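Structure record follows, encoded as structure tokens.
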Amino acid sequence: MRSLHDQVAVVTGAARGIGRGIAAVLAADGALVVVADIAVDAAAETAAELSAGGLNVLGVGVDVRDGAALAALARQLEADHGRVDIVAANAGVYPDALVEDVDDAGFDTIMDINVKGALHTIQAFLPGMVARGYGRIVLTSSITGPLTGQAGFGVYGASKAAQLGLMRSAAIEVARKGVTINAVMPGNVRTPGFEEIGAAHGRRMLAAIPIGRLAEPEDIGYAVRYLASPEAGYVTGQTLIVDGGQVLPESPDLEDMP
């Protein structure tokens with residue numbers, strides 16, 4: 001694939017975890033990457049660490065629930081760098097609660113960040129892409145919700161399924177304007193957030209993955225890298241599952257797998 005040299009990319013929720021992995025992969029391939037995160041200090045720290053490795057990375061603070069702030073960021077980046085070519089709408093949360101225990105506040109928080117945040121991100125950067133006739137937008141969805149379910153993650157799963165409905169319709173709307181909108185669907189990824197859920201959960205998930213390991217954040221980054229590439233111009237409204245084969249087995253018992 002052609003290098004992303006001279007392209008400008010924005011990754012939301014990029015201070016740690018999957019977002020950091022996406023940012024590192026895009027920057028390593030030559031893009032100027034903007035690490036955008038609600039945690040301002042963490043975004044700056046991540047940008048500094050990646051920059052110390054010779055990558056072209058900036059850190060900014062932004063809350064994806066604030067559409068006006070995202071739009072202002074888009075305008076500033078276009079003024080400073082001329083354009084934004086790639087947007088990875090990755091910011092998200094995944095608190096767990098049984099469906100019977102979910103209250104309105106908890107539901108609203110997940111939907112505001114995961115779904116409305118994705119909408120705001122698309123809305124902020126899409127006008128500039130359409131005006132230039134080129135752009136790549138990639139959402140971070142999940143296998144949980146669209147393909148699988150887990151006890152305690154019903155609302156999270158609903159938010160990730162909702163993202164895909166948004167992605168497909170948006171992709172149709174801009175299909176003839178040089179802009180593609182796709183999504184990656186990670187399985188279980190070795191991130192600080194995953195580890196915070198607990199060791200027992202981690203063991204259960206690992207046992208269900210045919211490849212036999214958790215994904216690293218960069219594994220998701222490589223998938224985003226493809227969908228964000230010039231070569232992926234004929235791919236839009238699609239999902240790319242990156243789960244080590246987790247959704248494949250008919251039986252969850254892989255202990256006797258050859």
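What follows draws every value from the coordinates through simple rules; no lab data is involved. Computed from a prediction, not measured in an experiment: that's the story for all the values here. Note that we place each Cβ from the backbone using ideal geometry, even for glycine, and neighbour counts take in every protein chain shown.
Length gained on full extension, Gln123 to Ala71: 17.9 nm, using 0.36 nm per residue less the C-alpha separation.
Taking trypsin sites (Lys or Arg not before Pro) across the stretch 135-226, the ones in a DSSP loop with at most 13 further Cβ atoms lying within 10 angstrom of their Cβ are Arg176, Arg213. For the chain, modelled as a Gaussian network with Cα springs under 10 Å, which listed residue fluctuates most, Ile38, Ile86, Ile122? For the chain, modelled as a Gaussian network with Cα springs under 10 Å, the answer is Ile38. Computed from backbone phi with θ = phi - 60° and the Karplus coefficients 6.51, -1.76 and 1.60, the 3J(HN,Hα) list for the stretch 142-152 is 5, 6, 6, x, x, 10, 9, x, 9, 4, x Hz; x is used for glycine and proline. Going by neighbour counts of Cβ atoms within 10 Å, the residues Thr140, Thr12, Thr109 line up, fewest first, as Thr109, Thr140, Thr12.
Estimated at 0.36 nm per residue, the fully extended path between Ala97 and His81 surpasses their Cα-Cα distance by 1.5 nm. Of the trypsin sites (Lys or Arg not before Pro) found in the stretch 1-38, those in coil by DSSP whose Cβ has at most 11 other Cβ atoms within 10 Å are Arg2.
Scanning the chain for GluC sites (Glu not before Pro) that sit in a DSSP loop and have at most 15 other Cβ atoms within 10 Å, the longest stretch containing none of them is 1-249.
Taking every C-alpha pair closer than 8 Å and separated by at least 6 residues, the mean separation divided by the residue count of the chain gives a relative contact order of 20 percent.
For the pair Tyr234 and Ala200, the difference between a 0.36 nm per residue extended length and the Cα-Cα distance amounts to 8.1 nm. Across the stretch 85-169, the relative contact order, built from alpha-carbon pairs under 8 Å that are at least six residues apart, equals 42 percent. If you plug the beta carbon distance of Met111 and Val247 into 1/(1 + (r/R0)^6) with R0 = 30 Å, you get a FRET efficiency near 0.80. Between Asp80, Asp96, Asp112, the residue with the greatest mean-square fluctuation in the GNM of the chain (Cα pairs under 10 Å linked by springs) is Asp80.
Of [x] 54, 43, 38; [y] 55, 54, 35; [z] 50, 37, 36, which one was derived for Cα extents along the principal axes in Å from the structure shown? Answer label, from the structure shown: [x].
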